[in-house]
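Asks: First, the structure itself, so that you have it in front of you.
Quick note: the coordinates plus some simple rules give every number you see, no bench work behind them. Quick caveat: nothing in here was measured; it's all calculated off a predicted structure. When we count neighbours, we look across all protein chains shown, and the Cβ atoms used for this are built from the backbone with ideal geometry, even at glycine.
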Amino acid sequence: MEIINLEGTEDTPKILLDKGNGIFEISGRSLPEDSAEFYQPILDWITAYGEDSNPETLFTFKLEYFNTASSKLILDVLSALEDIDGVTIDWYFHEDDEDMEEAGEEFSELVEIPFEFKTY
């Protein structure tokens, strides 16, 4: 399976989806001009991955900030992951970032995936 490795920018998150090494991470800031267009290849990749996934998938979110449009697409990513067996979410947030902690808690209530909350 092809690896997705996008370097983060001021407006887009770093994304690494590597089935072979078991690394699945979205980190940084997410406020792309067109969130739907930006996240579509990620959603397509997750759908394809779901057809032949690893026995366990630890998907890491280490977001510093995301806008409203991105939050819908992050939920779409989580919903796509919900269809895959053996998925766990690690939701990282800065120790003093209550907003990001709350966002993770809200997402965790919307999908049937175990969440681990971690500070960094």
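Asks: Defining a contact as two alpha carbons under 8 Å apart and six or more residues distant in sequence, what relative contact order in percent does the chain show? Don't skip to the end; give the middle numbers.
Replies: Values: 205 pairs, mean separation 25.1, N = 120.
The normalised contact order for the chain reaches 21 percent.
Asks: Which percent, nearest 5, of DSSP beta bridges in the chain are antiparallel?
Replies: Close to 30 percent.
Asks: So if each residue of separation counts as 0.36 nm, and I subtract the Cα-Cα distance between Leu16 and Met1, what length gain in nm does that give?
Replies: Working: separation 15, 0.36 × 15 = 5.40 nm, distance 1.29 nm.
Result for the pair: 4.1 nm of gain on full extension.
Asks: Starting from 0.36 nm per residue, how many nanometres of slack lie between Leu31 and Thr119 once their C-alpha separation is accounted for? Show your work: numbers first, answer last.
Replies: On the way: separation 88, 0.36 × 88 = 31.68 nm, distance 2.21 nm.
Full extension from Leu31 to Thr119 adds 29.5 nm.
Asks: Separate question: Candidates (i) 37, 29, 23; (ii) 32, 28, 27; (iii) 37, 32, 25; which is the computed Cα extents along the principal axes in Å?
Replies: So the calculated entry is the one marked (i).
Asks: Suppose R0 equals 30 Å. What FRET efficiency, 1/(1 + (r/R0)^6) with r the Cβ-Cβ distance, do Tyr65 and Asp44 give to the nearest 0.05?
Replies: After rounding to 0.05, the efficiency reads 0.75.
Asks: Separate question: Counting each DSSP H run of 4 or more residues in the chain as -39500 (n - 2.57), what helix-only mean residue ellipticity at 222 nm follows after dividing by all residues, to the nearest 500 deg cm²/dmol?
Replies: So the calculated ellipticity at 222 nm is -12500 deg cm²/dmol.
Asks: Just how far, in whole angstrom, is the range 10-28 from the range 49-96 if you go by their alpha carbon centroids?
Replies: So the two Cα centres are separated by 10 Å.
Asks: While we're on this one: Fully extended, how many nm does the chain gain between Asp83 and Glu106 (0.36 nm per residue separation, minus their Cα-Cα distance)?
Replies: 6.4 nm
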